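All remarks here apply to the structure that follows.
The values are calculated or read from the model by the stated rules, or taken from the named source; none is laboratory data. Quantities reported herein were computed from a predicted structural model and do not represent experimental measurements. Glycine also receives a Cβ, built like all others from the backbone with ideal geometry; neighbour counts cover every protein chain displayed.
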């Protein structure tokens, strides 16, 4: 039995395609993430799952029950789902304790409020009102209220987007522990690839035309992207184009083997900055080299902006991520090595 099973879901708003042939599934007690840019239909998908919008084409099953199709629509209140959208929707006239009791009472549960507030690290804030809480504290309360209602499915729409970076990391970690403790089946919508990889077992990557580009575990999607779009969604990339000759492609930072089925084809080469390793040398560099345009310390890594020459002696720009101790001066010549495991080659669409 699946917590959620969506088959061939398509949706239009004002005759414009928002979702096209979406199919996804979620196992019970697992967490799946829908990852994609703003405007690709992620929130519309959640609204259809929740029953806040009526299904035009396709089917939505929850625990083997058909809840939505072109001629069936089970009301939101009967779907036993919880949802947490970007505004936390806490009752402003109720304290933290009263907000939580509302969810427990509604489902005749007997959990202890003290235990719940301790889990969300707010055991000293039970009698505070939402306006007396920080954004992170409000998020914790809203999430806890959604979880203790014990829904069959929890929907989270960009739940961490309004938090600052340091608080976001803490809340994200706490959220994952809370979801795992209560064994909740969850669909999370986000545009943050790190968030998707951190919190979910399965990721569905959406693109702007409302389709799913690829789905799989974080490891599969990061290490074996099916196209340039998927490779690029996990962070910036260096892009080159060329024609394969003798099962090799030549780029300004090296030549690399290509599958024989792409011989003589135009291809797009995607190389992550982490794959480009630089060697600073005092003497002139032999082999592939670049010139440092700028070095910036970014905390956990150094961002190195390079210029390289192509076969026509035209200048191209390349980015490399190196350990934070590596900060060569501007105009330094550096040797370039590339980790071939992080090179992705796809047939060119241009």
Checklist entry - Which residue out of 40, 33 is surrounded by 21 or more Cβ atoms within 10 Å (Cβ to Cβ), touching a residue at least 24 places away in the same chain (Cβ under 8 Å) and either more than 24 Å from residue 175 (Cα to Cα) or outside the structural domain of residue 150 (by TED's automatic domain parsing) (or both)? => result 40
Next on the checklist: With the requirement that a residue be surrounded by 21 or more Cβ atoms within 10 Å (Cβ to Cβ) and within 10 Å of the chain's Cα centre (by Cα), what does the stretch 172-194 give you?
Outcome noted: 188, 189, 190
Checklist outcome for this item: Of 230, 220, 188, the only residue that is closer than 24 Å to residue 77 by Cβ and either at pLDDT 90 or above or assigned to a helix (DSSP H, G or I) (or both) is 188
Next on the checklist: Criterion first (in a helix (DSSP H, G or I), modelled with pLDDT of 85 or more, over 23 Å from residue 199 (Cα atoms) and over 29 Å from the mean Cα position of the chain (by Cα)) does residue 114 satisfy it?
Outcome noted: no
Checklist entry - Does residue 210 meet the test of being in the same structural domain as residue 67 (by TED's automatic domain parsing), surrounded by fewer than 19 Cβ atoms within 10 Å (Cβ to Cβ) and in contact (Cβ under 8 Å) with a residue 12 or more places away in the chain? => result no
Checklist entry - Going through the stretch 47-72 one residue at a time, which ones are assigned to a loop (DSSP other than H, G, I, E, B) and closer than 16 Å to residue 156 by Cα? => result 51, 52
Checklist entry - Can you find a residue in the stretch 145-153 that is buried (at least 20 other Cβ atoms within 10 Å of the Cβ), in a helix (DSSP H, G or I), in contact with a strand residue (DSSP E or B) (Cβ under 6 Å, 6 or more places away or on another chain) and in contact (Cβ under 8 Å) with a residue 24 or more places away in the chain? => result yes
Checklist entry - Pick from 340, 314, 281: which is under 27 Å from the mean Cα position of the chain (by Cα) and on the phi < 0 side of the Ramachandran plot? => result 340
